[in-house]
2 protein chains.
Amino acid sequence: MTSEDFLAALRAVGEQGYHHRHPFHVRMNAGELTPDEVRRWVVNRFYYQRSIPRKDAAILSNCPEREVRRAWLHRIVDHDGHEGSEGGIEAWLRLAEGCGLKRAAVLAGEGLLPGVQFAVDAYVNFARTEPWPVAVASSLTEMFAPDLMAERLAAFRAHYQWVPESAFDYFRSRVTQARVDSGEALGLTLRWCDTPELQRRAVEALRFKCDVLWSLLDAIDHAA
Amino acid sequence: MTSEDFLAALRAVGEQGYHHRHPFHVRMNAGELTPDEVRRWVVNRFYYQRSIPRKDAAILSNCPEREVRRAWLHRIVDHDGHEGSEGGIEAWLRLAEGCGLKRAAVLAGEGLLPGVQFAVDAYVNFARTEPWPVAVASSLTEMFAPDLMAERLAAFRAHYQWVPESAFDYFRSRVTQARVDSGEALGLTLRWCDTPELQRRAVEALRFKCDVLWSLLDAIDHAA
């Protein structure tokens, strides 16, 4: 595939399989979730959020290219935070608190659904076992995240006014951060998935990642 | 074991098995290595140096404790460097150049011995597959590194004057850095290896790591 065809194949996977079309997500954006459903989503999605640094560290661990590791490292810091900057995991905990959940309960994984745990663990395991350029490609759902985040932020402000504005820092920060991150990840994917076999596996990796996110919502939707 | 007994057991392993007693190391410090032997050591030890961030990323990937990950992350940066700071891998490449080696050849692994590769890969694999507190304990050879680095620096200045002082940045920086790092790692080991079973595995992990470093020098010594 040329770079253009490769990029088109990646985009087609996201347009078809990204979780913005999941019924639970459609109901969320339409303002149709009950407070309990919102909280269930927040608690379960937290398991995904807290696992991201472990996924990114697995990519680092598999990558022998120092320059790539240097470019990828900030993702761990973005989520774990560092002195003077709270990071995405802490921001998500404040979203949970804004939704009326207890911080300790969220950290203890109360209400975490097996299907969510299986899907997220599969994602971390994928990053551990696949070649690092393929694992990088699996993160390309970020290409579709900024639009989704912007819509989600508008939907929460419009429909879930019982959640305070201060809880939305995570959504706000990801609109721009996901744009930068997906640009980086796309550049690395185009550069390092440089054989037909790796290109094919990159497209499959993105499909797999879409399945992970979709399965999360399946489990959350069916827990009613 | 009490903390005191546990610490004593760890120290005993290092005093007995750390590579400062290896014949090749004794000859190095006595000024008895030929320039070719020094270069062979530098090229092969580079494979260890460049693998350290992958080992530390494996520990991060296995660790669900955000605070621990935040404390451990700087090790990756210390070796890989970041904008405006070259890092340990680059410093080692300058040592190699100071010894008359070509940078490209070192990066391509020319002269890398199979026994060295096996030992280093075993170390990275250990960090990937063992519980993270046990993998942390394996890094405790750092407790013995500052003295060794100080002696090595003095030996190089005294006996290998064909290597310019500017090549010794790595040795210099590690004297203090290893002291800080080993303090951190020891604190984590005492805190998180909190069962008899984990304590036993921590002591074994340190013995294993001593074996890794010892095997490196065996392979280098026998390649003559």
Please go through (1) closer than 19 Å to A:Gln177 by Cα; (2) in contact with a helix residue (DSSP H, G or I) (Cβ under 7 Å, 6 or more places away or on another chain) for A:Phe24 and return the number of the only condition it doesn't satisfy. (1)
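When you scan the stretch B:131-143, do you find a residue that is under 26 Å from A:Val68 (Cβ atoms), surrounded by fewer than 17 Cβ atoms within 10 Å (Cβ to Cβ) and within 14 Å of chain A (Cβ to nearest Cβ), even just one?
Taking the stretch B:131-143 as the starting set, the residues that turn out to be under 26 Å from A:Val68 (Cβ atoms) are B:132, B:135-136, B:138-139.
From what is left, the residues that are surrounded by fewer than 17 Cβ atoms within 10 Å (Cβ to Cβ) are none.
Checking the stretch B:131-143: not a single residue is under 26 Å from A:Val68 (Cβ atoms), surrounded by fewer than 17 Cβ atoms within 10 Å (Cβ to Cβ) and within 14 Å of chain A (Cβ to nearest Cβ).
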So B:Pro164 passes all but one of these: (1) of a type outside the set (A, V, I, L, M, F, W, C); (2) at pLDDT below 95; (3) open to solvent by less than 70 Å² (accessible area, probe 1.4 Å). Which condition number does it fail? (2)
Test: residue in the stretch B:3-16 that is open to solvent by less than 20 Å² (accessible area, probe 1.4 Å) and within 10 Å of chain A (Cβ to nearest Cβ): no
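For the structure I just gave you, tell me whether B:Arg75 is more than 11 Å from chain A (Cβ to nearest Cβ) and in contact with an Asp or Glu (Cβ under 8 Å, 6 or more places away or on another chain).
On the way: more than 11 Å from chain A (Cβ to nearest Cβ): yes; in contact with an Asp or Glu (Cβ under 8 Å, 6 or more places away or on another chain): yes.
When the stated conditions are applied, B:Arg75 passes them.
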Name the single residue that is nearest to the chain's Cα centre (by Cα) among those in the stretch A:78-97 being at the interface with another protein chain (Cβ under 10 Å from one of its Cβ atoms) and in a loop (DSSP other than H, G, I, E, B). A:Gly87
Every listed condition ((1) in contact with a helix residue (DSSP H, G or I) (Cβ under 9 Å, 6 or more places away or on another chain); (2) surrounded by fewer than 19 Cβ atoms within 10 Å (Cβ to Cβ); (3) farther than 30 Å from B:Ser3 by Cα) holds for B:Val175 save (3)
Considering only residues that are open to solvent by 30 Å² or more (accessible area, probe 1.4 Å) and within 12 Å of chain B (Cβ to nearest Cβ), look in the stretch A:115-125 and name the one that is farthest from A:Ile59 (Cα to Cα). A:Asp121
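Identify all residues within the stretch B:57-77 that are charged (D, E, K, R) and either touching a His at 6+ places or on another chain (Cβ under 8 Å) or surrounded by fewer than 21 Cβ atoms within 10 Å (Cβ to Cβ) (or both); write none if there are none.
So in the stretch B:57-77, the residues charged (D, E, K, R) come out as B:65-67, B:69-70, B:75.
Within the stretch B:57-77, B:Glu65, B:Arg66, B:Glu67, B:Arg70 qualify.
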Taking the stretch B:178-198 on its own, how many of its residues are free of Cβ contacts under 8 Å to residues at least 60 places away in the same chain and surrounded by 17 or more Cβ atoms within 10 Å (Cβ to Cβ)? 3
Which is crowded, with 18+ Cβ neighbours inside 10 Å, under 22 Å from A:Glu151 (Cβ atoms) and within 14 Å of chain B (Cβ to nearest Cβ), of A:Phe24, A:Phe46? A:Phe46
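Which ones in the stretch B:33-65 are assigned to a loop (DSSP other than H, G, I, E, B) and closer than 17 Å to B:Asp218 by Cβ?
The initial filter retains those residues of the stretch B:33-65 that are assigned to a loop (DSSP other than H, G, I, E, B), namely B:33-34, B:63-65.
Selection gives B:Leu33 alone.
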Exactly one condition in (1) farther than 14 Å from B:Lys55 by Cα; (2) over 13 Å from the mean Cα position of the chain (by Cα); (3) among the aromatic types (Phe, Trp, Tyr) is false for B:Phe126; which is it? (1)
Could you give every pair whose Cβ atoms fall below 6 Å, whose first residue belongs to the stretch A:61-74 and is within 23 Å of B:Ala135 (Cα to Cα) and modelled with pLDDT of 95 or more, and whose second residue is open to solvent by less than 40 Å² (accessible area, probe 1.4 Å) and not in a helix (DSSP H, G or I), counting only separations of at least 6 or pairs across chains? A:Arg69/A:Cys63
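The values are calculated or read from the model by the stated rules, or taken from the named source; none is laboratory data. Please read these numbers as outputs of a predicted model, since none were measured by experiment. Ideal geometry is used to build each Cβ from the backbone, glycine not excepted, and the neighbour counts take in all protein chains shown. These area figures cover heavy atoms from the full protein model, side chains too; ligands, DNA and RNA do not enter into them. Shrake-Rupley method; radii C 1.70, N 1.55, O 1.52, S 1.80 Å.
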